[in-house]
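J.: So that we are looking at the same thing, I have put the structure below in structure tokens.
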Amino acid sequence: MNTTIEDLPAHTQTLIAGGGPVGLAAAIELGRRGIDCLVVEPRTTVSHARPRCKTLNVRTMQHLRRWGITERLRQRAPLPVSWSTDIVFCTSLTGYELSRFSGVLGLALEGDRFPETGQQAPQYVLEELLREVVEELEPCSLALGLRVGAVRQHDETAEVTVLDDADRSTTVEAAYVLGCDGPRSAVRAAIGATYTGERALRPNFGLVFHAPELSDHVRHGPAVQYWILNETAPALMGPIDLEGNWWLIAFNVDRESGERGAGAIIDGATGVSVDATVLSTDPWTAHMQLVDRARDRRVFLAGDAAHLNPPFGGHGLNTGLSDAVDLGWKLAAVLDGWAGPRLLESYEAERRPIQTQVIAAAEANNRVLATDLLAENIDREGPAGARARARAHAMIQATKRAEFHALELVLDLAYESSPVIAPAPPAAGPARPGALLPHAWISEGESLYDRLGPGMTLLAADDVPGEALEPVARAARARRVPLNTVRAPARMLRAKLGTGLALVRPDQHLAWLGDRVPEDPIALIDRVRGAERS
């Protein structure tokens, strides 16, 4: 149902431009903390025409677990995790198999490295769920059918012009504005931020088609992706669901050629003539770009409004969602009155290095596509074909493994240069401040993450005396910082961290590590909340 401009409040604590997954994630992070939030989104419904992002990585699923909605997402996902954890390289769906990767994209558990596997799901499945969750949160309002125009900043507030389809407008006053409105961001334009970086020259042609009999012809068994290496239709494709809907990206194909020859592309990639109905097309080129700045006073950028990267490796939406989490809890801390000025300054300091590394990895993946892996005789019978396929297998394993096994880009990146992270302890252990708290299972189905509080958490080994922890709790109360104390088995905690104590942020990152409470616990609390000593 559309929202009219007359329905909008005159004031809100936070206004989010863009109700895609990143904007909705920011709203959930804020709304769960009691912060008023208005999400302005031009689309009244979520389109199923294009799946867009198809992999929700393990970090995104950790966020959903913290919000209590992982099972709701998994129940709606068209492909269960049990469907496959494989990626297959082949000459066609009915042709030769060239190479295979298993346990890809975090779709299989690896001991206790993370509590939630990744999930294959079209972006629209996630977006529809997040819309529902936002509407369930009392502090949040979802204004559909409206768009953000101008943004004007003042000392204490920002004024946002919101327009409807008839260009009627109203003004909403907000303490902070989040631009989560994508590559053509009106908020980015309003603060004068610009993308820096490159755009690939090679065109790609995406399409979605329905072919209910195709799965009967697939020679290579279930997979989440099939990379097609042949001269006719070098492509990347995979199932959207188990009902005959597929996505396909044809490489080096422009809009005109793709729309004219969609049927031939499908037949060339599948290796068999199938009765396929094209449902949608999506021509695109890859971007490797980062904004020159993601903040101007009371206005912040997140997701595609702040950075763009090729889709190979599945990092784009997932990176944006973690942007939203980082920004959401920090804005809530400011609006709740316990944060200092450096907490918001840390947003760019923390997220920009991550975004830069993700763009670099995605750009490297983009340099080796199906067109770059083709080899003469690759689909021929006989010794020449066998040798060509052996060479292709070796090249695929050498150049593409990092794309599908990249959990270091998901779980191992740390906020080492952040102004709100305490220095590392003198004796280096397996964990370091700024990194994600290492995961551990406490009991059957119970993660260490499940015990963390919504604010800061003082994590302590169960052999540390309770009175030793009181100075930190007292310092947090003095600064009005919400703090929970959580005990964990001493042997497990010291094995994971190298210390018996840790201060964990709301986003599950380590803010401080130590074996004993610091001599000046107020200084520690002031550091992690972004405040100078008073």
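The values are calculated or read from the model by the stated rules, or taken from the named source; none is laboratory data. On a predicted model such as this, the values are computed, not experimentally measured, just so you know. Cβ atoms come from the backbone with ideal geometry, glycine included; neighbour counts cover every protein chain shown.
J.: So which residues in segment 437-477 are within 26 Å of the chain's Cα centre (by Cα) and not in a loop (DSSP other than H, G, I, E, B)? Don't jump to the end; show me each part of the working.
T.: Step one: list which residues in segment 437-477 are within 26 Å of the chain's Cα centre (by Cα), which gives 437-441, 445-457.
Matches in segment 437-477: Trp441, Glu446, Ser447, Leu448, Tyr449, Asp450, Arg451, Met456, Thr457.
J.: Oh, and also: Sort out for me the strands (runs of 3 or more DSSP E) sitting completely within segment 1-112 that have 1 or more residues that are surrounded by fewer than 19 Cβ atoms within 10 Å (Cβ to Cβ). Steps first, answer last, please.
T.: Working: elements: 11-17, 37-41, 86-90, 97-102.
Counting at least 1 such residues, we get 11-17, 97-102.
J.: For Arg432, indicate whether it is of a type in the set (D, E, K, R), within 27 Å of Leu331 (Cα to Cα) and in contact (Cβ under 8 Å) with a residue 60 or more places away in the chain. Quick ask: steps written out before the conclusion?
T.: Working: of a type in the set (D, E, K, R): yes; within 27 Å of Leu331 (Cα to Cα): yes; in contact (Cβ under 8 Å) with a residue 60 or more places away in the chain: yes.
The answer is yes for Arg432.
J.: Something else about it: Among the residues of segment 127-135, are any assigned to a loop (DSSP other than H, G, I, E, B), on the phi < 0 side of the Ramachandran plot and touching a helix residue (DSSP H, G or I) at 6+ places or on another chain (Cβ under 8 Å)? Walk me through how you get there before you give the answer.
T.: Applying the first criterion (assigned to a loop (DSSP other than H, G, I, E, B)) to segment 127-135 yields none.
The answer is no; no qualifying residue exists.
Rundown of residues vs (1) in contact with a Gly (Cβ under 6 Å, 6 or more places away or on another chain); (2) farther than 17 Å from Ala502 by Cβ; (3) part of a loop (DSSP other than H, G, I, E, B), yes/no style:
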| residue | (1), (2), (3) |
| --- | --- |
| Ala362 | yes, yes, no |
| Asn377 | yes, yes, yes |
| Arg380 | no, yes, yes |
| Ala384 | no, yes, no |
| Arg391 | no, yes, no |
| Gln397 | no, yes, no |
| Ala402 | no, yes, no |
| Ile421 | yes, no, yes |
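J.: Please specify each residue of segment 22-40 satisfying the condition of being in contact with a Cys (Cβ under 9 Å, 6 or more places away or on another chain) and under 19 Å from Gly145 (Cβ atoms).
T.: Listed by number, the residues that qualify are Gly23, Leu24, Ala27, Cys37, Leu38, Val39.
J.: Could you please find all residues in segment 254-282 being out of contact with any helix residue (DSSP H, G or I) (no Cβ under 7 Å at 6 or more places or on another chain) and in a loop (DSSP other than H, G, I, E, B)?
T.: Asp254, Gly261, Gly271, Val272, Asp275
J.: Sticking with this structure for a sec: Could you list, in sequence order, the residues of segment 470-492 that are of a type in the set (D, E, K, R) and surrounded by 16 or more Cβ atoms within 10 Å (Cβ to Cβ)? Walk me through how you get there before you give the answer.
T.: Step one: filter segment 470-492 for residues of a type in the set (D, E, K, R), giving 470, 474, 477, 479-480, 487, 491.
Correct list: Arg479, Arg487.
J.: Within segment 285-318, can you find the residues that are hydrophobic (A, V, I, L, M, F, W, C), assigned to a strand (DSSP E or B) and in contact with a Pro (Cβ under 8 Å, 6 or more places away or on another chain)?
T.: First, the residues of segment 285-318 that are hydrophobic (A, V, I, L, M, F, W, C): 286, 288, 290-291, 294, 299-302, 305-306, 308, 312, 317.
Narrowing further to those that are assigned to a strand (DSSP E or B): 288, 290-291, 299-301, 308.
Residues satisfying the conditions are Met288, Leu308.
J.: Here's something else I'd like to know. Scanning segment 232-281 for residues that are of a type in the set (Ser, Thr, Tyr) and touching a residue at least 40 places away in the same chain (Cβ under 8 Å), which turns out surrounded by the fewest Cβ atoms within 10 Å (Cβ to Cβ)?
T.: My answer is Thr277.
Let's see how each residue does on (1) over 25 Å from the mean Cα position of the chain (by Cα); (2) surrounded by 15 or more Cβ atoms within 10 Å (Cβ to Cβ); (3) not assigned by TED's automatic domain parsing to the domain that holds Gly103; (4) not polar (S, T, N, Q):
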position	(1), (2), (3), (4)
Trp338	yes, yes, yes, yes
Pro341	yes, no, yes, yes
Ser346	no, yes, yes, no
Ile354	no, yes, yes, yes
Val358	no, yes, yes, yes
Leu369	no, yes, yes, yes
Gly385	yes, yes, no, yes
Ala390	yes, no, no, yes
Tyr415	no, yes, yes, yes
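Yes/no matrix, rows are residues, columns are (1) over 29 Å from the mean Cα position of the chain (by Cα); (2) assigned to a strand (DSSP E or B); (3) within 22 Å of Lys330 (Cβ to Cβ); (4) at pLDDT 95 or above:
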| site | (1), (2), (3), (4) |
| --- | --- |
| Glu138 | no, no, yes, yes |
| Ala143 | no, yes, no, yes |
| Val151 | no, yes, yes, yes |
| Asp155 | yes, no, yes, no |
| Val160 | no, yes, yes, yes |
| Thr170 | yes, yes, no, yes |
| Ala174 | no, yes, yes, yes |
| Val177 | no, yes, yes, yes |
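J.: I'm trying to understand the selection: among the residues of segment 302-345, which are touching a His at 6+ places or on another chain (Cβ under 7 Å) and charged (D, E, K, R)?
T.: None - no residue of segment 302-345 is touching a His at 6+ places or on another chain (Cβ under 7 Å) and charged (D, E, K, R), so the list stays empty.
J.: Here is a follow-up. Scan segment 456-469 and give yes if some residue there is of a type in the set (A, V, I, L, M, F, W, C), crowded, with 16+ Cβ neighbours inside 10 Å and within 21 Å of Arg65 (Cβ to Cβ), otherwise no. If you could, list the steps in order and put the result at the bottom.
T.: Our first condition is that a residue be of a type in the set (A, V, I, L, M, F, W, C); within segment 456-469, this holds for 456, 458-461, 464, 468-469.
Subsequent filtering for residues that are crowded, with 16+ Cβ neighbours inside 10 Å retains 456, 458-461, 464, 469.
Add one more test, that the residue is within 21 Å of Arg65 (Cβ to Cβ), and what stays is 456, 459.
Within segment 456-469, one or more residues are of a type in the set (A, V, I, L, M, F, W, C), crowded, with 16+ Cβ neighbours inside 10 Å and within 21 Å of Arg65 (Cβ to Cβ).
J.: Right, something else. Among the residues in segment 374-385, are any farther than 24 Å from Asp181 by Cβ, free of Cβ contacts under 8 Å to residues at least 12 places away in the same chain and of a type in the set (Asp, Glu)?
T.: The answer is yes, given that some residue of segment 374-385 is farther than 24 Å from Asp181 by Cβ, free of Cβ contacts under 8 Å to residues at least 12 places away in the same chain and of a type in the set (Asp, Glu).
J.: Looking only at segment 93-109, count how many residues are over 18 Å from Lys400 (Cβ atoms) and more than 20 Å from the chain's Cα centre (by Cα).
T.: Total meeting the criteria: 3.
J.: Within segment 179-200, which residues are over 22 Å from the mean Cα position of the chain (by Cα) and without any contact (Cβ under 8 Å) to a residue 24 or more places away in the chain?
T.: Selection gives Ala189 alone.
J.: Among the residues of segment 300-312 satisfying the criterion of being under 13 Å from the mean Cα position of the chain (by Cα) and surrounded by fewer than 24 Cβ atoms within 10 Å (Cβ to Cβ), which is nearest to Met237 (Cα to Cα)?
T.: Filtering first and then ranking leaves Pro311.
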